[in-house]
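So the structure is just underneath, and the comments pick up after that.
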Amino acid sequence: MMIVMKEGATEEQVAHVVERIEEVGCSAHLSKGELLTVIGAIGDRDRVAALGLEGYEGVDHLVPILKPYKLASAQFKKGERTVVDVDGCKVGGEHFGLIAGPCTVESREQTLEVARVVSEHGAGMLRGGAYKPRTSPYSFQGLGVEGLRLLQEAKDETGLPIVTELMDVRDVADVAEVADVIQIGARNMQNYTLLTEVGRSGKAVLLKRGLSSTLEDLLMASEYVLKEGNPNVMLCERGIRTFETAYRFTLDLLAIPALRELTHLPIVVDPSHAPGRRDWVPAMSMAAAAAGADGIIVEVHDDPEHAICDGPQALATADFPEYAEQLRRVAEVSGKLVGV
């Protein structure tokens, strides 16, 4: 149930509604807009209905949320879109964010060199994996805590906020100490214990769509983070498994307009993993921006031919300036503010 407060409702009136919702064993989630406050009542609908909230001071009207994902639903924000602000890099609404960096943190030299280039040419955040999910247990699994230390050094030098993946609840504290955005990879999208802990961390979250997941699956996964009181969730389309074998995954660009109807959360696209080759990455990036994406997360490496992980799909640092400029132009034509 969504309780829409009147314009000018006082903090005491809002607090009273929240208190009554919690008294019947439901949870209350506030969304404050410029003019109105909306309270999401999550729990037994009959108990909330029995409160008779329509007659409370400051309450304008009630709206039932029909979707199973309550807090992620577009209904919850009444047409407003969430903007996630990570140290000045805004993603969502009118704002377009560019997240760039290596798939894997390999060395100090590699990490700092890539960070310097992407920072100089328009990236708002630095991506880099300290922990890596690999299909083979014998493949490079990441540098772990040492990788986090290198990301912190890159942040200290460039000022770029850090986006890095979390795979295990045992690593939450270490990752949260460095990360400004915690990435949940496709293979962990439905790791509900991990999502709950990330929600409690207070860090912004980049949630990637699972390899065989529907959009509703993705939105229900986001609900696990949102219900912990963490509103800063970005959804990420990174390609899904289909019958096609000409490329690694099918980048589902129709997910962008579909999600814009279903949810208020920002939509980021990863154009690197689906094609699996760098010469197709620019086209997918521009298409995503033209379709209305709120941001791009792309892999960049200073020497992709010798990368430990996913080298064939990583853009070279030498090519990044032109790529970033083209992406900026397309995003602006699509009505987005870049770097603002």
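The values are calculated or read from the model by the stated rules, or taken from the named source; none is laboratory data. Source: prediction; values computed, not measured. No Cβ is skipped: glycine too gets one built from the backbone with ideal geometry, and neighbour counts run over all protein chains shown.
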Picked from the range 124-168 (must be outside any helix (DSSP H, G or I) and β-branched (Val, Ile, Thr)), the residue farthest from Thr111 (Cα to Cα) is Thr135
If we keep only residues of the range 61-78 that are within 19 Å of the chain's Cα centre (by Cα) and part of a loop (DSSP other than H, G, I, E, B), then the residue nearest to Ala289 (Cα to Cα) is Ala72
### Query
Would the range 204-215 turn up any residue that is surrounded by fewer than 21 Cβ atoms within 10 Å (Cβ to Cβ), touching a residue at least 12 places away in the same chain (Cβ under 8 Å) and β-branched (Val, Ile, Thr)?
no
Would a scan of the range 235-256 turn up a residue that is closer than 21 Å to His29 by Cβ, in contact (Cβ under 8 Å) with a residue 24 or more places away in the chain and either among the small types (Gly, Ala, Ser) or buried (at least 18 other Cβ atoms within 10 Å of the Cβ) (or both)?
-> yes
Filtering the range 126-141 down to residues that are without any contact (Cβ under 8 Å) to a residue 60 or more places away in the chain and buried (at least 24 other Cβ atoms within 10 Å of the Cβ) yields Leu126, Gly128, Ala130
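Go through the range 274-294 and give me each residue that's over 19 Å from Val205 (Cα atoms) and touching a residue at least 60 places away in the same chain (Cβ under 8 Å). Full working, then the answer.
Step one: filter the range 274-294 for residues over 19 Å from Val205 (Cα atoms), giving 274-292.
Passing the criteria: only Ala289.
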Scanning the range 316-327 residue by residue, those within 11 Å of Val117 (Cβ to Cβ) and either free of Cβ contacts under 8 Å to residues at least 40 places away in the same chain or surrounded by fewer than 18 Cβ atoms within 10 Å (Cβ to Cβ) (or both) turn out to be Ala316, Ala318, Asp319, Pro321
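Okay, residues lined up against (1) out of contact with any Lys or Arg (no Cβ under 7 Å at 6 or more places or on another chain); (2) among the charged types (D, E, K, R); (3) over 16 Å from Thr317 (Cα atoms):
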site: Lys67; (1), (2), (3): yes, yes, yes
site: Lys70; (1), (2), (3): yes, yes, yes
site: Ser73; (1), (2), (3): no, no, yes
site: Lys78; (1), (2), (3): yes, yes, yes
site: Lys90; (1), (2), (3): yes, yes, yes
site: Gly101; (1), (2), (3): no, no, no
site: Val105; (1), (2), (3): yes, no, no
site: Leu112; (1), (2), (3): yes, no, no
Filtering the range 290-300 down to residues that are over 11 Å from Gly97 (Cβ atoms) and either touching a strand residue (DSSP E or B) at 6+ places or on another chain (Cβ under 7 Å) or of a type in the set (Asp, Glu) (or both) yields Val298, Glu299, Val300
Restricted to the range 113-128 and to residues being among the small types (Gly, Ala, Ser) and closer than 17 Å to Val91 by Cα, the residue modelled with the lowest pLDDT is Gly122
Does the range 302-311 contain at least one residue that is free of Cβ contacts under 8 Å to residues at least 40 places away in the same chain, small (Gly, Ala, Ser) and either touching a helix residue (DSSP H, G or I) at 6+ places or on another chain (Cβ under 9 Å) or surrounded by fewer than 20 Cβ atoms within 10 Å (Cβ to Cβ) (or both)? yes
When restricted to Lys155, Lys227, Lys203, the only residue basic (Lys, Arg) and modelled with pLDDT under 95 is Lys227
Taking first residues from the range 12-23 that are closer than 14 Å to Leu62 by Cβ and second residues anywhere that are among the β-branched types (Val, Ile, Thr) and part of a helix (DSSP H, G or I), the pairs with Cβ under 8 Å that are 6 or more apart or on different chains are Ile21/Val48
| task | Could you tell me whether any residue of the range 37-49 is in contact (Cβ under 8 Å) with a residue 24 or more places away in the chain and assigned to a loop (DSSP other than H, G, I, E, B)? | result | no
